[in-house]
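Structure first, then comments.
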Amino acid sequence: MSEGGHGAYAHGCDRVTCDQWTPRRSGRPGSSLPANTAELTKIPADVWTPAYDANNQIREGAWVAELTGLLDLSGWPPGMRVIARKERPPPGAQLRITDVDGLRVTAFATNTPRGQLPDLELRHRRRARAEDRIRCAKDTGLRNLHDFAQNQIWCALVALACELTAWMQMLALTGSAARRWEPKRLRTRLFTVPATLARTGRRRLLHLADHHPWAAVH
């Protein structure tokens, strides 16, 4: 997407009070900004602030800084800010040509006028939970779309399946690693466990096959 495209997209988000969005240069949220990589070298080292982890604690090897004053945002909505994050890539990750000093750099834009940079960046990364749900929905059948009328019914069924799966993991798999399993792993491990449903009195009991390797997951 071009700079003009970014500006038009930002104006659209701003009109619907979109609080935060990510510039997309390679089609994925959290992409690096190759066209502005040179600007990162102008930021003094003492301007970078340590980033936070999911527990609001300082994360080793990750920093954030604001790029707003270094970029031409004339085509963007008033009050838009661009915040960059740099971090050491995980072990085994291949460095990209856009990485600065061996550090992976990503950026996002927000129209939030106040707040500490680490807090804003942490809020942005927590958006990944929504991306995870979208990926799970696609694995549950959302990618199998047809015509408009059929899609309405199909999307409702997919949403129901996603809700049932999420509630099952939250209520029945508490304290188990299976609580974070995605649909593909759930299908191959849990949903294939042979079982029988028995009724006794006013209760319903689900008996799982003891010989199945994942029958003990609960």
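Rule-based calculations on the coordinates, nothing more; no lab input. The structure displayed is predicted, hence computed values, not measured ones. Heads up, the Cβs are rebuilt from the backbone with ideal geometry, glycines too, and the neighbour counts pull from every protein chain shown.
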Computed E for ARG114/ILE134 - FRET, C-beta separation, R0 35 angstrom, nearest 0.05: 0.75
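Please report, in debye to the nearest 20, how large the charge dipole of segment 57-104 is about its Cα centre when each Lys and Arg carries +1 at its beta carbon and each Asp and Glu carries -1 there.
Working: 7 positive and 6 negative charges, 30 e Å.
Using only the charged Cβ atoms, the result is roughly 140 debye.
As an exercise, identify the trypsin sites (Lys or Arg not before Pro) in segment 159-218 lying in DSSP coil whose Cβ has no more than 14 other Cβ atoms within 10 Å.
Working: sites: ARG179, ARG180, LYS184, ARG185, ARG187, ARG189, ARG199, ARG202, ARG203, ARG204; in loops: ARG202.
Those satisfying the criteria are ARG202.
Given Cβ point charges of +1 (Lys, Arg) and -1 (Asp, Glu) and nothing else, what value in debye, to the nearest 20, does the dipole of segment 144-218 about its Cα centre take?
Numbers: 10 positive and 4 negative charges, 71 e Å.
Around 340 debye, computed over segment 144-218.
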Label-point separation, ASN151 to GLU87 (7 Å along Cα→Cβ), nm: 3.4
When only C-alpha pairs under 8 Å and at least 6 residues apart count, what is the relative contact order of segment 129-208, in percent? 21
Cβ-based charge dipole, segment 65-218, positive-most Cα from LEU103, THR165, LEU208: LEU208
Let me know the charge dipole size of segment 124-187 about its Cα centre in debye, to the nearest 20, where only the beta-carbon of Lys, Arg (+1) and Asp, Glu (-1) is charged. 420
